[in-house]
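Here is the structure we will look at.
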Amino acid sequence: MTYLLVNITIKVRQKDWLFKNKKEEKVQEKTSVLGSEKLTSHIQEVLAEKRRFENAAQAVARMILEKPVTKITRAGKAVYDYEFFREEKKHIIGWHDEINDFVSFIQNAARGGSAKEMAMVFIGEPGNGKTFFIEYVCTKYRQFLSRPENRRYTFKFAGLDKALGYDPKVSEMPSLTFEDPMVLAMNLFEDMEENKKNFVRMGFRSEALEELYGGWRPLGASTEYLWRKLMSKYGGDEQKALEHIKVIPVPMMESLGTVTGKYSAKDKITSSSVDLLGEESLQNLLFLPMGDPNRFDLQRGALARVAGGGIHFSDEIFKNKADLVKIYLQVIQNRNIELDGFNWPIDTLIVATSNNNEYNRFVSQGEEAPVKDRCRICYVAHNADYKLQLDLTKYSLGNKEKKTVTGKPMHQDPNLIFAASVAVVLTRLIESEKLSPVEMMKLEAGEVAGEKSPGSLAEVKETANENPDVTKRWGQKGLGHRDLSRALQIIESMVESHEGECTFAEDIFKALKRIILDYVTEASDRNKYFKDLKIARKLYREQVKAAIYNAFREDPQAIRKDVMAYVNMIIGIGAESSSRDKIWRYKDPQTREMKALKIEEVYIDAVEARMGRTHKDVKEAFRIRIRNLYGQKITTDPNYDFMDEQELVKAVTEVRLESDVAAASSLIGALTNRTNEENLAVYDKMLKTMVEKLGYCPTCAQKTIQYFCEKTDES
């Protein structure tokens, strides 16, 4: 009896299992039947503009231009600045000319111009941000395509075992190049007019149809082979053939190199065309009929994985051996993968990098001219704006707290970023008879450089950029980002830094000297860089002087206030509203409040004498320039404080230092000789101010005071 019950139970469960399987098979059959509806649904979504059919260049252009664009002036030249490149926490800094060239190239390709058959190649010295720029664009592009309205779609063939008698292991075959379903829809019939009539029946009007076919391209060999076999199987009935089409999203996997992929140049032994194009798959050969192009594993290569509207990044493209570069020639020009006579059109934006030496070696070979002609070359200069370099130096320093070998927090000298930034920027400037290095540096940063105008800098840059030797053009030589990073690593490894628990700013010059000796091979470059370091030390000295004066006054803004006091005084002298008692009342542009200022002509004369302006006409000419500059700047930037007038800041600092500590003969004497209580009180007061108000720690505060007292690096 028990055995009978068990047997009945087993049979009931078997029936349930069989019924469940049949139900699942019906669901699967229903799903496969809905394949054609999925393609139709996708087409309707495109018609309703809920999905898009666009090529890679159009998508990238739309991604960039959906963010605000502003017109700015950089070093006397008008350029467009794109917010897209300034968004992330670690974004692109500088690159104004290069970004404008890149966007122009993308827009031209998106409009179907000559750029659609070219690659964009960024050429420059190592460590100037080429790779970072392209990887930034790729990362943003993946984020852009992850939004539902921007997602890309492709398709696959299903049920090939039932329709064409394929082995069940290959019953589903995806598009090897992630073709867009709209490409399939535009190639359903061999007659192009019949395809267009099909779109008209689905609701496309003439304008929409014309725009759609503006992006027409043929099917890839593997897809067309299967589609024509299905159409032949069903006697030309596209509806039955479409039952085997499933629309699926294009996978976005950075680690697999889909949508955005990078190919780095390899050595001549290990690299081959397989890395780019793919090869025949032994597994597919076993299951597919003879002549089926699906036997190729295109996705073994880097190009097919980004062929569905992606970005292909070739790092150091000209380091590849000649046959690989020739493959790029064919791919760049025709946007086509070719294997054994089979063709697969691809929709890919191709960008690449190269250093100057490899590019020069490549173009010196005359037979490689066709490849060069298919590349839009953009020469990337090192950043020469020291203000922007401040942020780049912060990138090098990192955002995590540094610790000593004993695990204690390591402080950072507040002057370190300025000293490092100025030092590396000066090495990137060219030698000129028209402008001194400091004048070039200030003009490039949009600051005032005495009587010199931004036009002078523009002339120097234009002349330099006309040199056929690229290495002698603007910003093409100098210490790069990696050199700076190595120098900062040297400082962090110093025993003094760990013992004092602080990275002292003056040590950056020792570290950079080490880098120049170890990594710069040309003697002429080394000599120039050493001269640049001397100039950088003098600029650092001026920063220290200002900090010392602010510490003495116990006010972080003391020197700034004194500089503005001088400016306001010379404006008050020329104003008709000043009273006989030398009191001038004016409206502060920052606070919009009325203020009264006593004009001290002795102070004005002392400052101007420090600048070597003692003759009446010379003094008046300088005052007129300052007044005009005030009128120009204050309307656009109420917070402008003349601190970029290095000569003026230096003079004000020295005058105030001498006048305020006259009783001790000099501040240096007071700080050096601390044997009496008065001098010791001055030292302790300044040390306290530097630690509590100016961002110093006891170690770098004491070292900074000691450096100031040594009177080294004086201008």
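Every number in this text was worked out from the coordinates using simple rules, so none of it is lab data. These figures come from a predicted structure and were not determined experimentally. Quick reminder, even Gly has a Cβ in these numbers, built from the backbone with ideal geometry, and neighbours come from all protein chains shown.
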> Normalised by the residues of segment 525-657, what does the relative contact order come to in percent, with Cα pairs under 8 Å and at least six apart?
Replying inline: 28 percent
>> Return the equivalent ellipsoid semi-axes of segment 595-710 as a descending list in whole Å, where each equals the square root of 5 times an eigenvalue of the C-alpha gyration tensor.
In response: 33, 19, 13
>> Given segment 492-650, report the % of alpha carbon pairs whose separation exceeds 21 Å.
In response: 61 percent
>> Using the Kirkwood radius over C-alpha pairs as Rh, can you work out the diffusion coefficient of segment 386-546 via Stokes-Einstein at 25 °C, viscosity 0.890 mPa s, in µm² per second?
In response: 147 µm²/s
> Semi-axes of segment 289-405's equivalent ellipsoid from the Cα gyration tensor, sqrt of 5 times each eigenvalue, largest first, rounded to whole Å?
Replying inline: 37, 22, 13
> For the residue pair Glu279 and Thr635, what label-to-label distance in nm results when each label sits 7 Å from Cα along the Cα-to-beta-carbon direction?
Replying inline: 7.0 nm
> What's the exposure ranking of Lys130, Lys246, Lys408, going from fewest to most Cβ atoms within 10 Å?
Replying inline: Lys408, Lys246, Lys130
> In square nanometres, what is the average projected area of the Cα convex hull of the chain?
Replying inline: 49.0 nm²
> For Glu658 and Asn467 in the same chain, what is the full-extension length gain: residue separation times 0.36 nm, less their Cα-Cα distance, in nm?
Replying inline: 63.9 nm
> Can you pull the percent of Cα pairs in segment 64-179 with separation above 22 Å?
Replying inline: 53 percent
> Just for the chain, what percent of DSSP beta bridges are antiparallel, to the closest 5?
Replying inline: 55 percent
> How large is the helix-only mean residue ellipticity at 222 nm for the chain, computed as the sum of -39500 (n - 2.57) over DSSP H runs with n ≥ 4, divided by its residue count, in deg cm²/dmol to the nearest 500?
Replying inline: -16000 deg cm²/dmol
>> Once you place label points 7 Å from the Cα toward the Cβ at Lys510 and Val79, how far apart are they in nm?
In response: 3.7 nm
> In terms of Cα to Cα distance under 13 Å, which aspartates and glutamates are near enough to Lys321, apart from those fewer than 8 places away along the same chain?
Replying inline: Asp267, Asp275, Glu358, Glu368
